[in-house]
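Please treat every number below as a calculation from the coordinates, not as lab data. The model shown is predicted, which means the values in this text are computed figures rather than measured ones. Every residue, glycine among them, receives a Cβ derived from its backbone with ideal geometry; neighbour counts consider all protein chains shown.
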Amino acid sequence: MNVETHVAIGRVVSRHLHLDPCLEECFVRGLKKPDLNAGRRGRRIRRHHGIHMDSVMSIIWSARRAYLAGDLEKALEALGVALHYVQDSCVVGARRRFRRIHYRVEREIASLEIPVDAIREGFKKAECSPLFVKTVLYSIKPSTNPVEALRNASLYSAMITGAVYNQSQPPQEVLEILERVKMEEAKKRRKAKRNAWISIALLAIGLALIPAQPLISAILLALSLILLLATLIHRVDPQFEQLAWYGIV
Ligand SMILES: [Zn+2]
């Protein structure tokens, strides 16, 4: 997508957020950034098309964290970068086979008006939740139709902005998750303590048995290590993400 189109979508989104000119420029800077950084055209194409949505999600997380910390300039710039990738993903890729179609679609998009109604609709649909953002990211499909591609790019940009740039307080369901997570954490801590003691015991027995029973000793040492690793590895669950989105954990 042309840089002018990225900026034009951004300006309409900015109007909906009532950003002051200084903040709007931070947002626009972010929207332009991936093209400026990528430099040469060939490299730009490789970088832009096929970027993994998990990487876009981590940029969105940094935007949300900055927003919660009150650093709106940083938040909007990061959000701009993420939306650039989102918008590019709405257009058919520029890989060799589709290159000509890609440039035609890109050119036609540049001559279209930004669909303000799609942006309004996106803000209406937005939910302040990381799961919502992920669902949006993974539902993006590249299009060869310029009108559809621009509409989706505008709609998804507004949906994601509405989820990130949102000052709602945590809803009841998130507060309930917090209570549940606190109880689970306490249970996990007790279990981790017990596992750590078992692991130390296995380690001690294993070491003591090295001269007499090397095979049993090796098995015990391996078990001790596995138990210790299982205790240390902390999985990030979706509930935790819901809380982090509101800056609670
Ligand atoms: Zn781009």
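Using only Cα atoms, find the angle between the long axis of helix 116-125 and the longest principal axis of the chain, and express it within 0 to 90 degrees, rounded to the nearest 10. So the inclination is approximately 30 degrees.
Candidate cross-link partners of LYS141 among the aspartates and glutamates, defined by an alpha-carbon separation under 16 Å and a same-chain spacing of 8 or more, comprise ASP54, ASP88, GLU106. Beyond 31 Å in Cα-Cα separation lie the following of the pairs LYS124/LYS182; LYS32/LYS125; LYS32/LYS134: LYS124/LYS182. Our summary gives the stretch 98-181 a relative contact order of 41 percent, counting only alpha carbon pairs under 8 angstrom and 6 or more residues apart.
Excluding TYR156 itself, calculate the net charge of residues whose Cβ lies under 15 Å from the Cβ of TYR156, where each Lys or Arg counts +1 and each Asp or Glu counts -1.
+1
Using θ = phi - 60° in the Karplus curve 6.51 cos²θ - 1.76 cosθ + 1.60, the 3J(HN,Hα) couplings for the stretch 221-230 round to 5, 5, 4, 4, 5, 4, 4, 5, 5, 4 Hz; x is entered for Gly and Pro. Each listed q (0.21 Å⁻¹) maps to a log10 I(q)/I(0) for the stretch 101-249, found by the Debye formula over equal Cα scatterers with no solvent: -1.18. Summed over qualifying helices (DSSP H, 4 residues or more, each -39500 (n - 2.57)) and divided by its residue number, the chain shows a 222 nm mean residue ellipticity of -25000 deg cm²/dmol. Spin-label pair ARG189-ILE101: with each label point 7 Å from Cα along the Cα-Cβ axis, the two points sit 5.6 nm from one another.
Suppose a student asked you for the relative contact order of the stretch 3-164, using Cα pairs under 8 Å spaced at least 6 residues apart; what percent would you report? Provide the component values of the computation, followed by the final result.
Numbers: 233 pairs, mean separation 43.3, N = 162.
RCO, the stretch 3-164: 27 percent.
Subtracting the Cα-Cα distance of LYS33 and GLN167 from 0.36 nm times their residue separation leaves 45.6 nm of extension gain.
Could you give the semi-axes, largest first, of the ellipsoid that matches the stretch 3-164, computed as the square roots of 5 times the alpha carbon gyration tensor eigenvalues and rounded to whole Å?
Numbers: eigenvalues 109, 56, 47 Å².
So the equivalent ellipsoid measures 23, 17, 15 Å along its semi-axes.
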